[in-house]
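Student: One structure, as structure tokens, below. Some questions next.
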Amino acid sequence: MLKIGEFSKLSRISIRLLRQYDESSLLTPETTDPFTGYRYYSEYQLPTANRITALKDMGFTQSTISEVLDCYDDPALLERCLRLKRAEAAAAMEEAERRLRLLDTALERLRKDETMKYDVTIKTIPERTVASVRQIIPSYDREGDLWGIYCQETARMKIQDGDPVLCTAVFHDREYKESDVDVEIQKTVKGTYPDTEHVKFKTAPAVQVASAMLRGSYAGITEASEAVAAWVRENGYAFDGAAFWIYHVSPHDTRNPDEFLTEICYPVRKK
């Protein structure tokens, strides 16, 4: 039998943590002296102690480590637990990378002493014939699902692109939503075509918009929208309809976000 100090050295787990593991029944001593309260461990408990440390390093919380330890007798179940944790870690890494990109962009602007400037213009998007797909999707970054539906259902229809061809996304919700968003994608076309299950062909009316060109990744949409909002306020206009983006250069054209060119459009009317 090993005293708690000896077991601590062999397992490389502090006495404080060993006592904590005992109190939570995660790793209880082989025996405890009823008179002195001294804890004694068995050498056979070292593999369990090592597993606990390994699982902790993987990011499992103390409350879930006990459940995972029970899976070690079932390799298939253990693999499932580890894969779920790996997916969770990958998602956390992706979010951390997104935040790092935002921080790098902010730092770069500070180094260059740059202020993002947008030229806001008032213009009329003319009446046009469009192929449209409108659905409630889980989140804004799932917009690509709608373009996938369009491509799949019109692949054999020999559709002629409009002149000019405008690929747009219309956001119909009255507020920004974190989930279940009402989005419509449109592409201008020439000619007439029968509707498919999800693709509807219709005439989009002319609309007056205040617009700004965003060059670069979609992370700049908020700043571009702020510029439009300031222009609308300062020039005596009011917002008048669902905002939409026109994708002049999109992920379909390039994988480099710095090359994206997006026109941020807000329908407006004179007050």
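Student: What number of residues within segment 64-78 satisfy the criterion of being assigned to a helix (DSSP H, G or I) and open to solvent by less than 90 Å² (accessible area, probe 1.4 Å)?
Tutor: Total satisfying the criteria: 10.
Student: Identify, by number, the condition in (1) more than 29 Å from R86 (Cα to Cα); (2) touching a strand residue (DSSP E or B) at 6+ places or on another chain (Cβ under 7 Å); (3) of a type outside the set (V, I, T) that D22 doesn't meet.
Tutor: The single condition D22 does not satisfy is (1).
Student: So, one more: Right, T168: out of contact with any helix residue (DSSP H, G or I) (no Cβ under 7 Å at 6 or more places or on another chain) and surrounded by 14 or more Cβ atoms within 10 Å (Cβ to Cβ) or not?
Tutor: yes
Student: Can I ask one more? May I ask you to list pairs of residues, at least six apart or on different chains, whose Cβ atoms are under 6 Å apart, with the first in segment 178-194 being polar (S, T, N, Q) and the second being open to solvent by 10 Å² or more (accessible area, probe 1.4 Å) and in a strand (DSSP E or B)?
Tutor: Listed pairs, sorted by first residue: T188/R128.
Student: Has segment 210-219 got at least one residue that is in a helix (DSSP H, G or I) and in contact with a Lys or Arg (Cβ under 9 Å, 6 or more places away or on another chain)?
Tutor: Yes, because at least one residue in segment 210-219 is in a helix (DSSP H, G or I) and in contact with a Lys or Arg (Cβ under 9 Å, 6 or more places away or on another chain).
Student: If you scan segment 18-33, which residues turn out to be part of a helix (DSSP H, G or I), closer than 15 Å to Q45 by Cα and open to solvent by 20 Å² or more (accessible area, probe 1.4 Å)?
Tutor: R19, D22
Student: Is there any pair linking a residue in segment 85-101 that is over 20 Å from I65 (Cβ atoms) to one that is of a type in the set (V, I, T), with Cβ under 6 Å and at least six apart or on different chains, and which?
Tutor: Qualifying pairs under 6 Å: none.
Student: Determine if segment 80-91 includes at least one residue that is open to solvent by less than 60 Å² (accessible area, probe 1.4 Å), over 30 Å from A219 (Cα atoms) and among the small types (G, A, S).
Tutor: no
Student: Only one residue in V207, V183, V189, V199 is over 29 Å from the mean Cα position of the chain (by Cα) and open to solvent by less than 20 Å² (accessible area, probe 1.4 Å), so which one is that?
Tutor: V189
Student: Continuing with the same structure: State whether the residues of segment 223-238 include one that is exposed (fewer than 13 other Cβ atoms within 10 Å of the Cβ) and basic (K, R).
Tutor: Checked against the condition, which is being exposed (fewer than 13 other Cβ atoms within 10 Å of the Cβ) and basic (K, R), segment 223-238 yields at least one hit.
The values are calculated or read from the model by the stated rules, or taken from the named source; none is laboratory data. This structure is a prediction, so every number in the text was calculated from the model and none was measured. No Cβ is skipped: glycine too gets one built from the backbone with ideal geometry, and neighbour counts run over all protein chains shown. Ligands, DNA and RNA are excluded from the accessible area calculation, which covers all protein heavy atoms including side chains. Shrake-Rupley method; radii C 1.70, N 1.55, O 1.52, S 1.80 Å.
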